[in-house]
Amino acid sequence: MQTTKARVKRVLAFMSLLVLSLTVFTTVFATEVTSYTIKTEIKVDNQPLTADTKITTGQTMEATNEISFPDSQQINAGDTLVLDLPKELGLVTKLEFPIVHENGEVIANAVTDPSTQKVTITFTNYFSENYKDKVMTLRYNVRPNAANLPKTGTYYFTFGSTDFTLNYNKDDGEAGDYEMKYGYQDPENPKRIKWRIVLNAVQDKLNNMVIKDDFSDSGQVLVESSFRAVRYATQPEKIPNEAALLKLDPIDNFSNKAEFTRNADGGITGFTINFGDNWNWAMYIEYTTELKSELPEGSKVANVLEWSASNFEKSRSVNALTRLETASGSGSGDRTTTTTTTTTTSTTTTTTTTEEPSTTSTTTTEEPSTTSTTTTVAPTTTSTTMTEEPSTTSTTTTEEPSTTSTTTTTEDSTTTSTTTTTEGPTTTSTTTTEEPTTTTTTTGGGRPTTTTTTTPGGPTTGDTTESTPGGGTGGGRKKLLPSTGEVVATGLVISGVIVLIGAIVLKRKISNK
């Protein structure tokens, strides 16, 4: 009992280990896809980028990547593909977008990341099921990477398998004399827009200055922690642009002077700053707004700044528009459909059994028998003479589809139906010709002498001729059946059974002893 329990425990332990091993080894690990071909097209205002196209700092361009994979490249769910942008280009903002089939099925999900200048694609199981003719197309915006383009000039780069020439114009922008404003999407959050304002770059004296800003367009609200308003000490010359201003250190932060306008939900949609007299100071205001609702692709978000001073007859304003960056992707694949056509050749075996009307004719020709009896007193002489003509047997085999007919001569006129199955195209014809045999017996002596002469009928010819022993009346002897070997086989089987039984009995006797 203890041994049995131990065996059961060992078996259960082995099965548990086997299941655990299968679980571990069937885990699929995500891998990076490396076998692909990529063709890239870059457009500016819907026109292909050429060596004659002038691109300025911050100008956006649309990049389109067409990617194809060989059928041998396996792509499973969780596998990734990473595209590195050329150093001359940069991504605008972080975007997450699906790559979809025309039927709506998601093939992969892509992410553009300005912090790494990479596009990362993570696949679903679509290409593992549709592994033939795999293709994808990605569309997203890029712009010149100013950090790697130090000056105006011509730059060359390759994106995928396509070569490009970039005619670059380095431009830090113009602050204007009194106002400049622009916005751009947050590189880390596409739902947020960063706004930048430069005021009084010319450094005039502005009396009773009032600054108003309304960014309620498209449902924007202020990210309160992002608001900052500062001023700088007077410089000997006009501030040329934002970059030059940011190199200076501010001397005052007047953010607390802002009075905010709120919507029904409490979100800040604008502000007003009653600054007072501006004594020749350049100002810089920055803040971030957030979109509270989804907008269509390519939407432009407005932001209106207005300011006034008592020594200016009219107020001044600037309307800034920011286009929301978007990206999209599409793709397709196919699966190999294996059509198995099974052609069944019907082998028709036709067995034709031709039953000739097999007539077994027994023809007995009795020639008139003449019996002469002569009684003569003479020495008895017995003379027996038997003359037998040669018996000719002719066998002819002809390979023709034929029917084997059997004709048997018996003493009675009997009709027997014989069914013959023809296995091959073979005709067997056997003809036996037997000459009449004459036997003469002469007996001399004191007893009567009887002379008997029997003349059988003429030669009987057929496919198979068999003489049947017996008298003319059909009595006496029966017809002998042909030897087919069945009797011998049956005898051997019976003998084998008897020997086997005997061996078993003998073995039992020996075992009992």
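The values are calculated or read from the model by the stated rules, or taken from the named source; none is laboratory data. Remember, predicted model here, so these are calculated numbers, not experimental data. For neighbour counting, all protein chains shown are included, and Cβ atoms are generated from backbone atoms with ideal geometry for every residue, glycine included.
Can you confirm whether T112 is touching a residue at least 12 places away in the same chain (Cβ under 8 Å), in a strand (DSSP E or B), in contact with a Phe, Trp or Tyr (Cβ under 7 Å, 6 or more places away or on another chain) and of a type outside the set (A, V, I, L, M, F, W, C)? Lay out the reasoning, then the answer.
Details: touching a residue at least 12 places away in the same chain (Cβ under 8 Å): yes; in a strand (DSSP E or B): yes; in contact with a Phe, Trp or Tyr (Cβ under 7 Å, 6 or more places away or on another chain): yes; of a type outside the set (A, V, I, L, M, F, W, C): yes.
Answer is yes for this residue.
Scanning the range 315-330 for residues that are touching a Ser or Thr at 6+ places or on another chain (Cβ under 8 Å) and in a loop (DSSP other than H, G, I, E, B) turns up S315, L324, E325, A327. A243 passes every criterion in (1) over 60 Å from the mean Cα position of the chain (by Cα); (2) outside any strand (DSSP E or B) apart from (1). Within the range 56-90, the only residue that satisfies the criterion of being buried (at least 19 other Cβ atoms within 10 Å of the Cβ), among the β-branched types (V, I, T) and free of Cβ contacts under 8 Å to residues at least 60 places away in the same chain is I75. Of all residues in the range 38-84, none satisfies the criterion of being of a type in the set (F, W, Y) and part of a loop (DSSP other than H, G, I, E, B). Listed conditions (1) surrounded by fewer than 17 Cβ atoms within 10 Å (Cβ to Cβ); (2) part of a strand (DSSP E or B) are all met by K238, apart from (2). If you go through the range 283-337 and keep only what is in contact with a Leu (Cβ under 9 Å, 6 or more places away or on another chain), aliphatic (A, V, I, L, M) and surrounded by 16 or more Cβ atoms within 10 Å (Cβ to Cβ), you end up with M283, I285, L291, V301, L305, A309, V318, A320, L324, A327.
In the range 247-262, the qualifying residues are those that are part of a loop (DSSP other than H, G, I, E, B) and surrounded by 13 or more Cβ atoms within 10 Å (Cβ to Cβ), and the one that is nearest to the chain's Cα centre (by Cα) is L248. Please specify each residue of the range 233-265 satisfying the condition of being of a type outside the set (D, E) and within 17 Å of D172 (Cβ to Cβ). Answer for the range 233-265, where residues must be of a type outside the set (D, E) and within 17 Å of D172 (Cβ to Cβ): Q235, K238, I239, P240, N241, A243, A244, L245, L246, K247, L248. Pairs needed: first member in the range 154-171, under 18 Å from I67 (Cβ atoms); second member anywhere, loosely packed, with under 14 Cβ neighbours inside 10 Å and β-branched (V, I, T); C-beta distance under 7 Å; at least 6 residues apart or different chains. Sorted first by the residue in the range 154-171, then by its partner, the pairs are S161/T37.
Screening A229, A244, A233 for residues that are surrounded by 19 or more Cβ atoms within 10 Å (Cβ to Cβ) and among the hydrophobic types (A, V, I, L, M, F, W, C) leaves exactly one candidate, A229. When the range 38-55 is filtered for residues that are exposed (fewer than 15 other Cβ atoms within 10 Å of the Cβ) and within 19 Å of K118 (Cβ to Cβ), only K39 remains. Scanning the range 263-297 for residues that are within 54 Å of the chain's Cα centre (by Cα) and of a type outside the set (V, I, T) yields D265, G267, Y287, E290, L291, K292, S293, E294, L295, P296, E297. Of all residues in the range 28-54, those satisfying the criterion of being touching a Ser or Thr at 6+ places or on another chain (Cβ under 6 Å) and of a type in the set (S, T, Y) are T37, T40. If you go through the range 163-178 and keep only what is surrounded by 13 or more Cβ atoms within 10 Å (Cβ to Cβ) and modelled with pLDDT of 95 or more, you end up with F164, T165, L166, N167, Y168, N169, Y178. Say whether the condition of being in a strand (DSSP E or B), more than 23 Å from L83 (Cα to Cα) and out of contact with any Ser or Thr (no Cβ under 6 Å at 6 or more places or on another chain) is met by at least one residue in the range 146-156. For the range 146-156, residues in a strand (DSSP E or B), more than 23 Å from L83 (Cα to Cα) and out of contact with any Ser or Thr (no Cβ under 6 Å at 6 or more places or on another chain): present. Only one of the numbered conditions (1) within 16 Å of S68 (Cα to Cα); (2) in a strand (DSSP E or B) is not met by S128, and that is (2). Among the residues making up the range 184-199, those that are crowded, with 22+ Cβ neighbours inside 10 Å and either under 20 Å from L91 (Cα atoms) or hydroxyl-bearing (S, T, Y) (or both) are Q185, I193, W195.
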